[in-house]
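This report concerns only the one structure given below.
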Amino acid sequence: MTVGAADRATIQFDENLHLARRFLEGDQAAFATVYDRYYERIYTLSKGILLDADDAQDAVQETFTLIYKNLRRFHERSRLSTWIFRIAVNTAIQQSRKLKNKKRNVPLDDAEHAQTPAQPATTEVQVKVAEAMRSLSAPDRAVLTLFYWEDVSIIEVARAIDCSPNAAKTRLFRARERFK
């Protein structure tokens, strides 16, 4: 018997709810599992918004602190991942506002400076993408990062940024236009 995409999503959904419930019943290992499961995705999202690895690490730590403190407020009206992404987006945007006056120098990896014949186009594209993302506002970076890097559906993007799906589509469209 094969498991379809909808079945996998339901299994994942149920498993995440189970983890949340276990944590609320006092199982600290359940929170560790949530942390392990979402750390990379939250870091990627935070770095996409903040454009700085150290600031992203701070945002991830703050995000998981908020999740830990507020998991009792999760009422299972949405997916746990959506709730977590909403906290992460809000945390990263708040942090970007605090750091607004901080000078942004995003260091490029040595690999980007040393172009090999097999990768010149990729490196050039990566540099242009980084420059374009730097020019956007934090909310625009959040929408683009969720949709393109985290591969989140427009409905989940809407829930994560607290708006309707139509508003999320509009924000995504406008962010893409500014990105261009």
Please verify whether residue 36 is at pLDDT below 80 and either more than 25 Å from residue 91 (Cα to Cα) or part of a helix (DSSP H, G or I) (or both), treating the condition exactly as stated.
no
Filter region 74-95 down to residues that are modelled with pLDDT under 90 and either farther than 21 Å from residue 159 by Cβ or of a type outside the set (A, V, I, L, M) (or both), then give me how many there are.
8
Considering region 129-157, residues that are under 16 Å from residue 82 (Cβ atoms) and more than 13 Å from the chain's Cα centre (by Cα), and then whichever is surrounded by the fewest Cβ atoms within 10 Å (Cβ to Cβ), we arrive at 155
Checklist (1) polar (S, T, N, Q); (2) surrounded by 13 or more Cβ atoms within 10 Å (Cβ to Cβ); (3) at pLDDT below 90 applied to residue 10, failing item
(2)
Whether any residue in region 20-30 is under 20 Å from the mean Cα position of the chain (by Cα) and modelled with pLDDT under 90 is what I want to check.
yes
Give region 128-169 a look and list any residue that's among the polar types (S, T, N, Q) and not in a loop (DSSP other than H, G, I, E, B), or say none.
135, 145, 166
Touching a helix residue (DSSP H, G or I) at 6+ places or on another chain (Cβ under 6 Å), open to solvent by less than 50 Å² (accessible area, probe 1.4 Å) and either free of Cβ contacts under 8 Å to residues at least 12 places away in the same chain or not in a helix (DSSP H, G or I) (or both): which single residue out of 78, 96, 46 fits that description?
78
Could you tell me how many of the residues in region 61-80 are under 20 Å from residue 15 (Cα atoms) and not basic (Lys, Arg)?
10
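The values are calculated or read from the model by the stated rules, or taken from the named source; none is laboratory data. If you're wondering where the values come from, they're calculated on a predicted model, not measured in any experiment. Neighbour counts run over all protein chains shown; Cβ positions are idealised from the backbone, glycine included. Note: areas computed on protein heavy atoms with side chains; ligands, DNA, RNA excluded. Shrake-Rupley method; radii C 1.70, N 1.55, O 1.52, S 1.80 Å.
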